[in-house]
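The values are calculated or read from the model by the stated rules, or taken from the named source; none is laboratory data. All values derive from a computational prediction rather than experimental measurement. For neighbour counting, all protein chains shown are included, and Cβ atoms are generated from backbone atoms with ideal geometry for every residue, glycine included. Note: areas computed on protein heavy atoms with side chains; ligands, DNA, RNA excluded. Shrake-Rupley method; radii C 1.70, N 1.55, O 1.52, S 1.80 Å.
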Amino acid sequence: MNLIIEGFAWIFDPAHWTTSSTSQGISEAFVQHIILTGISLLLTVLIAVPLGFYIGHSGRGRQVAIISSNVARAVPSLGLLTVLILAIPIIPGIPNNYLAYIIVFVLLGIPPMLAGAYAGLESVDRETTDAARAVGMTEWQVLTKVEIPLGASLIVGGLRSTTLQIVATVTIGSFLGQVSLGTFIVDGLEQGDFVKMIGGAILVAALALVLDGILALVQRFVVPRRVSRGSIDTGNTAHGMRLRASTPGTPITEGN
Amino acid sequence: MIEFKSVSKLYPDGTRAVDDFSVVIPSRKTTVFVGSSGCGKTTLLRMINRMVDPTDGVIEIDGDDIAKTEPVHLRRGIGYVMQNSGLLPHRRVIDNVATVLFLNKVPKPQAYARANELLDTVGLDRSLAKRYPGELSGGQQQRVGVARGLAANPNILLMDEPFGAVDPIVRVDLQAETMRLQRELDKTIVFVTHDIDEAFLLGDQVLILEKGAKIAQQGTPEEILANPASDFVANFIGADRGKRRLTVDSKVKPRGDDLVLIDAGGYAAGVISAPDGKLATGTASPKSRSISNKTSQAGDA
Ligand SMILES: Nc1ncnc2c1ncn2[C@@H]1O[C@H](COP(=O)(O)OP(=O)(O)OP(=O)(O)O)[C@@H](O)[C@H]1O
Ligand SMILES: [Mg+2]
């Protein structure tokens with residue numbers, strides 16, 4: 001317990017925020033961590049979301065989604081990172097092997113995003129998409145007006161997992177020298193400075209919690225009203241059952 | 001007019017759902033496909049709006065081969081009411097009804113105005129407009145489904161067992177509404193059901209189908225009732241079981257002018273007015289649903 005309090009004390013000591021010749025400052029590490037996470041997350045989303053939507057919408061290539069997530073779960077992040085850092089040459093103009101790090105972060109970030117995007121669409125009742133098509137929606141309209149809104153909860157859920165995955169992998173990157181909040185954990189370990197290690201761990205956890213909290217809010221916001229979170233199945237309307245036990249007769253106030 | 005010309009549908013898994021089916025569906029009438037589960041009714045219906053494409057044969061609407069029409073365009077011009085309403089759960093009732101109008105780029109105010117009118121048309125209170133489908137009863141959902149089907153003012157309305165899932169009382173209500181809509185709006189309705197009574201009630205033309213959408217008999221309800229073409233048909237309409245052959249129950253002492261009627265099984269089926277012990281005749285002429293052919297078959301009415 002004491003160690004944790006000391007860890008917080010270490011974080012709040014202004015001396016630790018600036019980089020000196022002997023030690024890494026928190027500010028710079030924090031910025032590095034955010035930049036790496038941001039870039040990797042952006043690339044991950046750009047790759048995994050369209051792919052996941054394609055698989056979920058068409059039902060083709062389901063195997064790809066399943067296999068990729070299993071493989072990624074089995075691959076040791078640090079091992080993959082090491083191999084790629086060694087394999088990818090330093091490119092002039094790009095700071096210290098950024099490219100290799102980002103490739104690894106993206107590779108490890110893709111599976112949860114892919115799974116979320118694909119599972120989100122998959123969760124939409126077939127009858128609903130069929131009806132949308134039958135009233136004359138194009139495939140694109142079925143995707144954007146029906147499948148994505150109804151699958152939004154699971155899709156953002158995938159984004160949350162991916163964000164945590166990347167924040168965590170960026171931390172591990174420090175074992176190979178990349179500056180991030182993980183640097184304090186690595187340095188602390190080397191120097192036998194447990195307070196520093198705890199401080200670094202708290203910072204990583206705090207970043208992860210804040211990002212996840214923001215996305216949790218987004219998730220709440222994107223879920224269409226009257227469609228219960230998580231389960232988007234419209235349930236069995238065959239017998240006129242209600243989607244969920246909402247109170248009929250209660251006026252719904254909604255602006256346009 | 002919708003015409004099926006030797007249409008077959010073989011699903012990829014080898015199911016021959018429709019086998020060499022030909023029929024003319026006249027405009028501004030109600031044609032009912034009736035048959036037991038799996039006989040191919042839904043497949044027939046969905047071929048009209050190209051939700052299913054035939055593997056063989058041609059379907060024409062007013063003489064034009066629909067295979068040459070772009071499916072999305074075709075569907076926006078044909079109303080489709082599904083068994084489970086098929087409403088979009090994340091959109092309010094009013095937006096569900098207006099969906100097709102939005103797709104057809106009708107400006108919002110006009111679309112909403114029209115959608116509100118449609119709620120009146122199908123007998124739904126406008127106060128329900130802002131509810132979500134999940135907050136409606138099954139019968140209300142079906143009405144919304146009908147309103148949505150009518151939104152683009154299509155000439156053709158396809159209805160696939162639209163009232164199969166609502167209770168009998170609501171069903172009678174909805175059936176009456178459907179007949180009223182047909183009278184008032186003059187649509188070509190293609191209606192699918194497995195309920196022969198519903199078929200006879202709604203249909204100007206009824207097609208009794210066997211497996212593979214083979215036509216067992218085609219005609220007006222009166223024609224089919226008077227002359228079942230086969231044992232299958234007789235069985236299907238319940239004629240052989242005497243369900244529709246009613247006799248006066250001699251054992252029950254009438255009170256007032258009514259005589260009790262029983263079916264062949266001996267079960268009470270209704271009453272008939274018989275002032276002074278004589279059966280009433282001639283006051284009510286049989287309901288004519290189709291404009292052509294009305295030589296009366298009063299006996300079974
Ligand atoms: N997409 C499909 N793939 C393979 N077979 C199908 C498909 N859709 C329907 N079938 C088969 O085709 C046959 C006719 O099906 P269809 O849905 O047209 O019957 P139906 O008369 O509407 O039945 P119900 O009254 O139960 O709705 C059935 O044997 C069914 O299993
Ligand atoms: Mg069917």
* In nm, to one decimal, how far is the modelled label at A:Asp193 from the one at B:Gln218, with both set 7 Å along Cα→Cβ? -> 9.0 nm
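Going by the alpha-carbon gyration tensor, a ≥ b ≥ c the square roots of its eigenvalues, is chain B rounded (a/c under 1.5) or, if a/c is not under 1.5, prolate (a/b greater than b/c) versus oblate?
On the way: a/c = 2.19, a/b = 1.41, b/c = 1.55.
Since a/c reaches 1.5 but b/c is at least a/b, the shape of chain B is classed as oblate.
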* Structure fact -> Honestly region A:1-102 on the Cα gyration tensor test (a ≥ b ≥ c root eigenvalues; a/c under 1.5 rounded, otherwise a/b vs b/c for prolate or oblate) is just prolate
* On a 0 to 90° scale, report how tilted helix B:168-185 is relative to the longest principal axis of chain B, with both axes built from alpha carbons and the result rounded to the nearest 10. => 70 degrees
* Positive-end residue of A:Leu80, A:His57, A:Trp140, charge dipole of region A:40-155 with Cβ unit charges -> A:Leu80
* To do: Report the extension gain between A:Thr18 and A:Tyr98 in nm, rounded to one decimal, defined as 0.36 nm multiplied by the number of residues separating them, less their alpha carbon distance.
  => 26.6 nm
* Compute the distance in nm between two label points, each set 7 Å from the Cα along the Cα-to-Cβ direction, one at A:Thr138 and one at B:Glu60. => 3.1 nm
* **1.4 Å probe, heavy atoms, protein only - residues of region A:100-135 losing at least 20 Å² accessible area vs chain alone** => A:Glu127, A:Thr128, A:Asp130, A:Ala131, A:Arg133, A:Ala134, A:Val135
* Go through B:His73, A:His33, B:His90 and list them by solvent-accessible area, largest first, probe radius 1.4 Å. => B:His73, B:His90, A:His33
* **Cα→Cβ-extended label distance, 7 Å offset, between B:Asn235 and B:Asn153, nm** => 4.8 nm
* Spatial separation of Cα centroids for region B:30-76 and region B:105-181, in angstrom -> 22 Å
* Among B:Gly63, B:Val81, B:Thr15 the positive-end extreme of the charge dipole of chain B (Cβ point charges) -> B:Val81
* Kindly flag which residue pairs out of A:Lys145/B:Lys41; A:Lys145/B:Lys211; B:Lys9/B:Lys130 have an alpha-carbon separation exceeding 31 Å in this structure. => A:Lys145/B:Lys211; B:Lys9/B:Lys130
* Solvent-accessible surface ranking, highest first, for A:Arg220, A:Arg62 at 1.4 angstrom -> A:Arg220, A:Arg62
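Normalised by the residues of region B:2-226, what does the relative contact order come to in percent, with Cα pairs under 8 Å and at least six apart?
Reported relative contact order: 30 percent.
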* chain B: calculated mean residue ellipticity at 222 nm from DSSP helix runs of at least 4, using -39500 (n - 2.57) -> -9000 deg cm²/dmol
* Please report, in whole Å, how far the alpha carbons of the protein assembly as shown spread along each principal axis, starting with the longest. => 118, 51, 46
* Asked: When we measure straight from the Cα of B:Lys108, which aspartates and glutamates land under 17 angstrom away, once same-chain ones fewer than 8 places off are left out?
  -> A:Glu254, B:Asp95, B:Glu117
* Take the alpha-carbon centre of region A:170-221, take the same for region B:195-238, and report the distance between them in whole Å. => 74 Å
* Kindly flag which residue pairs out of B:Lys29/B:Lys278; B:Lys251/B:Lys278; B:Lys105/B:Lys187; B:Lys68/B:Lys105 have an alpha-carbon separation exceeding 26 Å in this structure. => B:Lys29/B:Lys278
* Asked: Which value, in Å² and to the nearest 10, is the accessible area of B:Arg126 when all protein chains are kept and the probe is 1.4 Å?
  -> 110 Å²
* To do: Please state the charge dipole magnitude for region B:157-279, taken about the Cα centre, from unit charges on C-beta atoms (+1 on K and R, -1 on D and E), reported in debye and rounded to the nearest 20.
  => 420 debye
* Take A:Thr44, A:Thr19 and sort them by solvent-accessible surface of the protein heavy atoms, 1.4 Å probe, largest at the top. => A:Thr19, A:Thr44
* Structure fact -> A chain fully extended from A:Ile88 to A:Ser27 at 0.36 nm per residue, minus the present Cα-Cα distance, gains in nm 19.1 nm
* Asked: Can you give the average number of partner chain beta-carbon atoms within 10 Å of each beta-carbon in peptide B:97-106, as a whole number?
  -> 2
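How high is the FRET efficiency from A:Ile66 to A:Val222, r the C-beta distance, R0 25 Å, rounded to 0.05?
Rounded to the nearest 0.05, the efficiency is 0.50.
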* Structure fact -> Sorted by chain and then number, the residues having a modelled amide H within less than 5 Å of the amide H of B:Thr30, at least 5 places away or on another chain, are B:Ile189, B:Asp204, B:Gln205
* Asked: Using a ≥ b ≥ c from the Cα gyration tensor of region A:169-214 (square roots of the eigenvalues), is it rounded, prolate or oblate, where a/c under 1.5 gives rounded and otherwise the larger of a/b and b/c decides, a/b for prolate?
  -> oblate
